[in-house]
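> Sharing a structure with you now.
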Protein chains: 2
Amino acid sequence: MTTQYHGKALSADALDQIFREARSYNGWLDKPVSDEQLHAIWDVLKMGPTSANMLPARIVWVKSAEAKAKLVDAVSDGNKDKVKTAPVTAIIGMDIYFHEELPWLFPHTDAKSWFDGDEKGRKEGAFRNSSLQGAYLIIAARALGLDCGPMSGFDAGAVKAAFFADEPKVEVNFICSIGYGDPESIFDRSPRPEFGKFNTIV
Amino acid sequence: MTTQYHGKALSADALDQIFREARSYNGWLDKPVSDEQLHAIWDVLKMGPTSANMLPARIVWVKSAEAKAKLVDAVSDGNKDKVKTAPVTAIIGMDIYFHEELPWLFPHTDAKSWFDGDEKGRKEGAFRNSSLQGAYLIIAARALGLDCGPMSGFDAGAVKAAFFADEPKVEVNFICSIGYGDPESIFDRSPRPEFGKFNTIV
């Protein structure tokens with residue numbers, strides 16, 4: 001039986017850490033991130049829900065000087081220094097053929113057959129659900145004491161060619177630097193609207 | 001100056017609550033969710049990062065019997081009972097004209113001009129970033145002691161016609177029931193792969 005937490009809120013400090021005080025950093029302290037920390041992020045983020053447990057994200061964690069140089073070449077000018085100075089940048093790819101894994105990822109029904117021959121539906125499902133997984137990655141990294149800097153300014157074709165050349169069924173969704181954010185690298189927070197601006201209760 | 005949490009992980013219990021023990025529920029306890037709780041979810045989720053602070057999600061929280069009946073008509077057969085019995089179901093819409101709000105949401109540069117005339121780029125940005133916001137909604141609801149049941153099995157055109165008829169620029173991304181999950185309504189967790197299956201460090 002799973003544990004439930006009905007009516008129990010996380011502490012104010014925990015909500016601050018993962019949402020309210022967390023920021024998207026543009027610069028990074030010179031402090032490394034270990035492979036064990038990347039494994040720990042995955043072990044948390046993989047528990048987040050995706051449709052039919054499709055888990056379409058395919059993640060390349062760019063850490064070595066050589067891989068970093070290749071990624072820097074493929075990002076927009078405004079993002080080159082961010083990738084260069086970040087200890088790690090995660091490339092969140094998405095597998096358009098995720099359905100081939102469904103027989104073991106979603107074993108209690110034949111979910112693969114829902115997607116066979118429906119490339120448009122697979123592209124939509126992969127994009128939506130790998131984006132969810134990207135958000136789980138951001139929250140998981142923050143929950144483990146790290147900071148993030150998500151970016152969508154890059155040449156998707158060039159990133160694909162450099163990092164997924166042997167996996168033609170994987171497209172690139174977005175990238176996200178991870179490390180210990182430099183507090184000098186951020187500006188004032190952009191405004192966040194009140195409920196009534198973008199929400200309706202009916 | 002923002003508070004940082006470098007090297008400090010959330011408690012095991014908090015990680016269990018938002019990721020490891022949380023489940024997507026198929027059935028709901030007969031216990032209401034208040035408007036104040038929906039406001040509280042928004043006040044947390046709105047702090048999650050989106051590209052250029054675009055915040056493209058437009059959320060309709062379906063709570064009344066009348067609105068619920070309209071939504072039930074538009075979801076697939078397997079989801080009708082879930083929507084019927086859930087205290088609230090959130091419809092996560094996405095505004096393809098989100099760029100019109102950027103002058104005040106992202107005031108330090110002219111981000112609106114990046115998207116003027118680029119409907120393809122706006123659709124992609126709205127889909128990716130409203131999906132991130134949908135993930136933040138799930139984590140925020142869990143963090144506040146609620147459970148979620150996200151779904152993508154519905155007729156998007158019918159949901160749009162029923163709930164966004166006067167907002168032609170809003171498309172529907174996915175829907176998510178919210179309440180107190182019935183532990184009898186879930187099965188064993190689907191498998192989650194080890195790091196090496198879908199991740200590479202380079």
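The values are calculated or read from the model by the stated rules, or taken from the named source; none is laboratory data. Source: prediction; values computed, not measured. Quick reminder, even Gly has a Cβ in these numbers, built from the backbone with ideal geometry, and neighbours come from all protein chains shown. Heads up: the accessible areas ignore ligands, DNA and RNA and are worked out on the full protein's heavy atoms, side chains in. Shrake-Rupley method; radii C 1.70, N 1.55, O 1.52, S 1.80 Å.
> Looking at (1) more than 11 Å from chain A (Cβ to nearest Cβ); (2) under 21 Å from A:Asn129 (Cβ atoms), which one does B:Ile186 not meet, given that it meets all the others?
(1)
> Which is touching a Gly at 6+ places or on another chain (Cβ under 8 Å) and either open to solvent by 60 Å² or more (accessible area, probe 1.4 Å) or at pLDDT 95 or above (or both), of A:Asp188, A:Asp182, A:Asp95?
Exactly one residue qualifies, and that residue is A:Asp182.
> So A:Leu146 fits all but one of (1) modelled with pLDDT of 95 or more; (2) surrounded by fewer than 23 Cβ atoms within 10 Å (Cβ to Cβ); what number is the exception?
(2)
> Looking at the structure I just gave you, is A:Trp61 at the interface with chain B (Cβ under 10 Å from one of its Cβ atoms) and not polar (S, T, N, Q)?
Taking the combined requirement at face value, the residue satisfies it.
> Take segment B:166-179 and flag every residue that is at pLDDT 95 or above and either open to solvent by 10 Å² or more (accessible area, probe 1.4 Å) or under 23 Å from B:Asn129 (Cα atoms) (or both).
Within segment B:166-179, B:Lys169, B:Val170, B:Glu171, B:Val172, B:Asn173, B:Phe174, B:Ile175, B:Cys176, B:Ser177, B:Ile178 qualify.
> Mind listing whichever residues of segment A:24-50 are within 15 Å of the chain's Cα centre (by Cα) and within 7 Å of chain B (Cβ to nearest Cβ)?
A:Ser24, A:Leu38, A:His39, A:Trp42, A:Val44, A:Lys46, A:Met47, A:Gly48, A:Pro49
> While we're looking at this one, here's another question. Check every one of the helices (runs of 4 or more DSSP H) wholly within segment B:6-76 and list those with 3 or more residues that are open to solvent by 20 Å² or more (accessible area, probe 1.4 Å) and of a type outside the set (A, V, I, L, M).
Those helices (runs of 4 or more DSSP H) span B:35-45, B:65-74.
> Whether any residue in segment A:116-123 is of a type outside the set (D, E, K, R), under 19 Å from B:Ser190 (Cα atoms) and open to solvent by 10 Å² or more (accessible area, probe 1.4 Å) is what I want to check.
Within segment A:116-123, none of the residues are of a type outside the set (D, E, K, R), under 19 Å from B:Ser190 (Cα atoms) and open to solvent by 10 Å² or more (accessible area, probe 1.4 Å).
> State whether one or more residues within segment B:78-89 are surrounded by 21 or more Cβ atoms within 10 Å (Cβ to Cβ), closer than 19 Å to B:Met47 by Cβ and polar (S, T, N, Q).
For segment B:78-89, residues surrounded by 21 or more Cβ atoms within 10 Å (Cβ to Cβ), closer than 19 Å to B:Met47 by Cβ and polar (S, T, N, Q): absent.
> I've got another one for you. Just need a number here: residues in segment A:77-107 that are outside any helix (DSSP H, G or I), among the aliphatic types (A, V, I, L, M) and within 11 Å of chain B (Cβ to nearest Cβ).
Adding up the residues that qualify gives 5.
> Could we say that B:Ala161 is loosely packed, with under 15 Cβ neighbours inside 10 Å, in a loop (DSSP other than H, G, I, E, B) and of a type in the set (A, V, I, L, M, F, W, C) here?
Answer is no for this residue.
> Would you pick out the residues in segment A:124-135 that are crowded, with 24+ Cβ neighbours inside 10 Å, among the small types (Gly, Ala, Ser) and more than 20 Å from A:Thr89 (Cβ to Cβ)?
The one that is crowded, with 24+ Cβ neighbours inside 10 Å, among the small types (Gly, Ala, Ser) and more than 20 Å from A:Thr89 (Cβ to Cβ): A:Ala126.
> Any idea which of A:Gly153, A:Gly181 is facing chain B (nearest Cβ under 9 Å), touching a Lys or Arg at 6+ places or on another chain (Cβ under 7 Å) and under 21 Å from A:Thr85 (Cβ atoms)?
Exactly one residue qualifies, and that residue is A:Gly181.
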